[in-house]
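Just below is one structure, and these are the notes that go with it.
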Amino acid sequence: MLNVENIDVRYGAIHALKNVSISVGESEIVTVVGSNGAGKSSLLRAIAGTTKVSKGSISFKKQRINSLSAPSRVKSGLTLVPEGRQIFVSMTVEENLLLGAHSRTGSEVKNSIESIFDRFSNLAERRNQLASVLSGGEQQMLAIGRAMVAKPRLMMLDEPSLGLSPILVSQLFELIKELHSQGISILIVEQNTKLALKTAQRGYILELGSVRQEGTVDELAADKILAEAYLGESN
Ligand SMILES: Nc1ncnc2c1ncn2[C@@H]1O[C@H](COP(=O)(O)OP(=O)(O)O)[C@@H](O)[C@H]1O
Ligand SMILES: [Mg+2]
């Protein structure tokens, strides 16, 4: 479904991604793990079209999308829940959800929004309040809800568990599995490596802008450096 081949991302002198190739198949959950600064967010932004690639090819549903704008990529079924949520705190909860609709209008959007409110009663209770009143966990649900309104085929999530309590983290991962069971493919970047490896089927270890290893989650969990760095008892 998604094929990223040999892409580079540069920010001036910083060479953030070097020859990175990853793929996500139909109805797969794939994770990208790696330390801070490894290039995980740059990779997701490059796929979403909000960061430019200087080399390589990105294709989605067998079509090269390098030259598609970010909104066109959303329309084609590719959405990103960005790191830090990036919801609009001076807009209401409902207005934030409407932003996910992009070009879609009418009853279809209304139904999507109502189904988000059915699922998240905390959001429903606050639909006409500013998003700034939401807790961190509710803001993350709103960000995912907004991505769901776009009706994605592939949802990318950048560090969704960051700053959430353990209970909210497990609710979040239940939701991710549920979206997956509805046929949405998932590409997830997580600092909670243990949880990411538990949820995904396959993954990649990104290190200093390059893919150091790829494999099934069992293969990755057996990676010595990864195990020492992230899978200790404290996680
Ligand atoms: N907008 C930007 N401008 C300049 N450098 C950036 C920008 N975004 C990320 N970087 C740099 O690119 C590298 C990869 O960052 P990032 O993709 O955010 O990694 P990660 O998400 O794995 O922490 C880092 O060295 C970071 O400082
Ligand atoms: Mg990041």
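The values are calculated or read from the model by the stated rules, or taken from the named source; none is laboratory data. The model shown is predicted, which means the values in this text are computed figures rather than measured ones. Every residue, glycine as well, gets a Cβ built from its backbone with ideal geometry; the counts of neighbours run over all protein chains shown. Areas reflect the complete protein model, heavy atoms only, side chains present, ligands, DNA and RNA absent. Shrake-Rupley method; radii C 1.70, N 1.55, O 1.52, S 1.80 Å.
General observations
- For the pair Glu5 and Ser115, the difference between a 0.36 nm per residue extended length and the Cα-Cα distance amounts to 36.0 nm.
- When +1 charges are put on Lys and Arg Cβ atoms and -1 charges on Asp and Glu Cβ atoms, the dipole computed for the chain relative to its Cα centre reaches about 880 debye.
- HN-Hα J in Hz across region 192-200 - Karplus 6.51, -1.76, 1.60, θ = phi - 60°, x for Gly and Pro: 7, 4, 4, 5, 4, 6, 6, 8, 7
- Fraction of the pair-distance distribution of region 116-194 above 18 Å, Cα-Cα pairs, percent: 39
- With contacts taken as Cα pairs under 8 Å and at least 6 residues apart, region 2-230 reaches a relative contact order of 28 percent.
- Take every DSSP beta bridge whose two residues both sit in region 2-230; close to 55 percent of them are antiparallel.
- Cα extents for region 2-230 along the principal axes, largest to smallest and rounded to whole angstrom: 47, 39, 33.
- Computed over the alpha-carbon pairs of region 1-115, the distance histogram in 5 Å steps reads 2, 10, 18, 20, 18, 14, 10, 5, 1, 0 percent, short to long.
- For region 113-234, accessible area per residue (1.4 Å probe, heavy atoms of protein chains only), Å²: 45
- Here the mean projected area of the convex hull built on the C-alpha positions of region 94-235 is 9.8 nm².
- Charge-dipole axis of region 27-99 as Lys and Arg at +1 and Asp and Glu at -1 on Cβ define it, positive-most pick from Ser72, Ser57, Leu44: Ser57
- Karplus 3J(HN,Hα) series, Hz, for region 132-143 with 6.51 cos²θ - 1.76 cosθ + 1.60 (x for Gly, Pro): 5, 7, 6, 6, x, x, 5, 5, 5, 5, 5, 4
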